[in-house]
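Derivation of every value follows stated rules applied to the coordinates shown; laboratory data play no part. None of the values given here were measured: they were computed from a predicted structure. Cβ placement follows ideal geometry from the backbone for every residue including glycine, while neighbour counts extend to all protein chains displayed.
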Amino acid sequence: MPTTTMKIGVLALQGDFDAHRRRIEELGAEVVLVKKPEQLNEIDGLIIPGGESGTFLKLLGKDGFAKLKDFVRAKPTFGTCAGCILLATDVENPKQAGLGALDITVRRNAYGRQIDSSIREGLFLNEPIEMVFIRAPKIERVGEGVEVIATEGKDKDEVPVLVRKGKTLAATFHPELSADPRIHKYFLELVANGKHSPQ
Ligand code: GLN
């Protein structure tokens, strides 16, 4: 599927959805700002942005959550920060419901108040990349079949910050706030190949 014919939804209930919209449009795909569950029917992939995951749960409500749960099992989805928390099977600090699309344990606000936000360097597919963290969660456990695509720090064994299983991708940082488009490009490639990947 060429990028120009893709329709990418960005969940626009709250949080920093607009930076994702701009990046995806710059990369040539069409963006649908998703505010109602039925809009999920018209998109090829979805971005769940950063924000406050507890607030997302409230705004989604029971029906919205159920519809989103079906969507993330069927179509490529990329969650950043709060979006990563929503996609997880297990959420700590405090415990809350996850969509269960990625078998990971995520600890919310894991870096403490002192380092609320920071820009650090990590490795994305073995290449250095800037990473913006804002009240970031930490991926504390990566389940079977979940690949680590990027780590924080310069060592490959460092903390996983971008993980993937099949067509589901989640980052604890905010690639939409860096000038570098590589991670969104990677997601668009997943959308292009979505129908053929396992999971
Ligand atoms: N701290 C937020 C949460 O727990 C996530 C922060 C973010 O998305 N930048 O949901």
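Could you list all residues from the range 152-176 that are buried (at least 20 other Cβ atoms within 10 Å of the Cβ) and touching a Gly at 6+ places or on another chain (Cβ under 9 Å)?
Residues satisfying the conditions are GLU152, VAL161, LEU162, LYS165, LYS167, THR168, LEU169, ALA170, ALA171, PHE173, HIS174, GLU176.
Out of all the residues in the range 96-117, which are farther than 26 Å from ASN41 by Cβ and within 12 Å of the ligand (Cβ to nearest atom)?
Those that are farther than 26 Å from ASN41 by Cβ and within 12 Å of the ligand (Cβ to nearest atom): GLN96, VAL106, ARG107, ARG108, ASN109, ALA110, TYR111, GLY112, ARG113, ASP116, SER117.
Residues of the range 130-163 being in contact with a Lys or Arg (Cβ under 7 Å, 6 or more places away or on another chain) and of a type in the set (A, V, I, L, M, F, W, C), which ones?
Once the filter is applied, which keeps residues that are in contact with a Lys or Arg (Cβ under 7 Å, 6 or more places away or on another chain) and of a type in the set (A, V, I, L, M, F, W, C), the range 130-163 yields MET131, PHE133, VAL146, ILE149, VAL159.
Could you check the range 16-69 and list, in sequence order, the residues that are assigned to a helix (DSSP H, G or I), of a type in the set (D, E, K, R) and touching a Lys or Arg at 6+ places or on another chain (Cβ under 8 Å)?
GLU42, the sole residue that qualifies.
Need the failing condition index for GLY54 against (1) surrounded by 17 or more Cβ atoms within 10 Å (Cβ to Cβ); (2) touching a residue at least 40 places away in the same chain (Cβ under 8 Å), just the number.
Every condition holds for GLY54 apart from (1).
Would it be correct to say that GLU30 is farther than 21 Å from ARG164 by Cβ, acidic (Asp, Glu) and in contact with a strand residue (DSSP E or B) (Cβ under 6 Å, 6 or more places away or on another chain)? It would help to see each step written out before you state the result.
On the way: farther than 21 Å from ARG164 by Cβ: yes; acidic (Asp, Glu): yes; in contact with a strand residue (DSSP E or B) (Cβ under 6 Å, 6 or more places away or on another chain): yes.
It is true that GLU30 is farther than 21 Å from ARG164 by Cβ, acidic (Asp, Glu) and in contact with a strand residue (DSSP E or B) (Cβ under 6 Å, 6 or more places away or on another chain).
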